[in-house]
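A.B. asks: Quick one: structure below, then a few questions.
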Amino acid sequence: MTVNKFKQVWQLLNTDIRDLGKPGEIAEAGAEVSKAGLELAIALGLLGTPAAPVAVIPAGLSFVGLTRKGVNLYRDKVKGKTSLEEWAAIAFPLAYLERFDTLVRENDWLEQKIGSGISNQAAKSQLDQLGELQLDQKLIEDALTYFPESRLGQALNQQLSDYLEKVGLDQYSIPIVTGWVAWGIYPIIDQLLSYESETITQPLQLTRTAARETQASQKYGSIESYLTEQISPHTSNPLLQTQWKVLGENFTLPDIYVPLEAHLVDKNGKVDKKADPVTLEQWAKNQLTNPDKNGQVLFIQAGPGRGKSVFCRMFANWVREHLHPIWTPILIRLRDIDAFENNIENTLRAAVKADFVKSDDGWLTDRNTRFLFVLDGFDELRMEGRTTGGIEKFLKQVGNFQTSCQQNPQLGHRFLVTGRELALHGIEQFLP
């Protein structure tokens, strides 16, 4: 049998979502398929039929392991060996779908924004650009080398973009989602290849080995490495491990952390006695995810030893776990900044010290990323005798940049700054 296009493989598979998963096959807690994931599957023309109501889904159905199930089901249907091209036609779209579904379930912001799916209309099957792609080894090698920029990756990203636009996601968040979904399929493809025979793996071995080294140094891989090493409490960095431990004991801060209660202050920095106290973490989450607040710097003030630095570590890690990649946390201790440059981008670049900022002059204007800069210990700059002029200049840069992020939503970054009471005294006019 000769197969030339994606749509020919999928028309032959002609399956229903329920053929690829049975209730009770959940491999991890909370892995039930999301409504958004199911709708995308139907919109791509991969699973189900346009006429099937998307609400008809068995309780407990999971997309975990979806890609391998799809490949095996295709083999059963053709009753023979699968060619490399056929394998790729099944594996890559299903891995893409599986990754998207996982991202929706793990990301609080995404789940809230698109969890309800397309309102008042059923998802419509549309293979379109994806279905017309010619299956050949060059297409597969390009996908393995760098999927987000391959023809296959771009076709799937376009289909996902169309779906996200229909569910009402804003135009600045869509490329963040599609970019990270496309990059995130590699672990799924690698795991699938580990189960395959040499008929499939041998032609791809050299391409995949060379690609792994390249992908690790690419923007997405570099950011993930930064989050693992610098933000996660499970870091392998000995110095950062000590910052998560409590008095040298075996337990860490997340094991005993108690959320902080905070008071809102007025524009003069005085406690607003008319307002009810708030949970600091919840206040920060609400401010961060409210688009009307994009022009404002978040500032948290408290006396020494009240938990500002611990909060910064805990909150940055929470953002990593629940909001990344919609928001990617960057934690900077201001006392570690050696010099304040005339350009805030250069100051931040030197403070982050990560590969994704060293080699990319446009890292702050990249449409696939949005950063939350957590700047801890503003008051320590003054206490260490830093020149007031330099501090004021830097704070003014932060304020100006935050304002520009509101005026240009494609930037969209946010700043959260901590300091002691009265840390902003005399310079508060520089902050929006």
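A.B. asks: Determine the order of H263, H322, H413, H234 by accessible area, beginning with the largest, at a probe radius of 1.4 Å.
C.D. replies: Greatest to least solvent exposure: H234, H263, H322, H413.
A.B. asks: Something else about it: Compute the length gained on full extension between Q407 and A275: take 0.36 nm times their separation in residues and subtract their Cα-Cα distance, giving the result in nm to one decimal.
C.D. replies: Additional length available on full extension: 44.5 nm.
A.B. asks: Over 20 Å between C-alpha atoms is what I'm after, so list which of K5/K77; K35/K113; K219/K358; K113/K285; K113/K219 land there.
C.D. replies: The pairs that break the limit, which is 20 Å between Cα atoms, are K113/K219.
A.B. asks: Quote the FRET efficiency, to the nearest 0.05, computed for T199 versus L12 with a Förster distance R0 of 30 Å and r equal to the Cβ-Cβ distance.
C.D. replies: Once rounded, the FRET efficiency stands at 0.95.
A.B. asks: Can you tell me the accessible area per residue over the range 222-379, all protein chains present, probe 1.4 angstrom, in square angstrom?
C.D. replies: Each residue of the range 222-379 exposes 52 Å² on average to a 1.4 Å probe.
A.B. asks: Length gain on complete extension for the stretch D336 to T228, per 0.36 nm per residue less the alpha carbon to alpha carbon distance?
C.D. replies: 36.9 nm
A.B. asks: Mind checking the full-extension length gain between N72 and T207? Use 0.36 nm per residue of separation minus the Cα-Cα distance, one decimal, nm.
C.D. replies: Taking 0.36 nm per residue and subtracting the Cα distance, the gain is 46.2 nm.
A.B. asks: While we're looking at this one, here's another question. How far apart, in nm, are the 7 Å Cα→Cβ label points at Q429 and T365?
C.D. replies: A separation of 3.1 nm, rounded to one decimal place.
A.B. asks: Percent of accessible area on the range 188-340 owned by carbon and sulfur, 1.4 Å probe?
C.D. replies: 49
The values are calculated or read from the model by the stated rules, or taken from the named source; none is laboratory data. Bear in mind that the values here come from a model prediction, so they are computed numbers and not experimental data. As a convention, Cβ positions derive from the backbone with ideal geometry for all residues, glycine included, and neighbour counts pool all protein chains shown. Areas reflect the complete protein model, heavy atoms only, side chains present, ligands, DNA and RNA absent. Shrake-Rupley method; radii C 1.70, N 1.55, O 1.52, S 1.80 Å.
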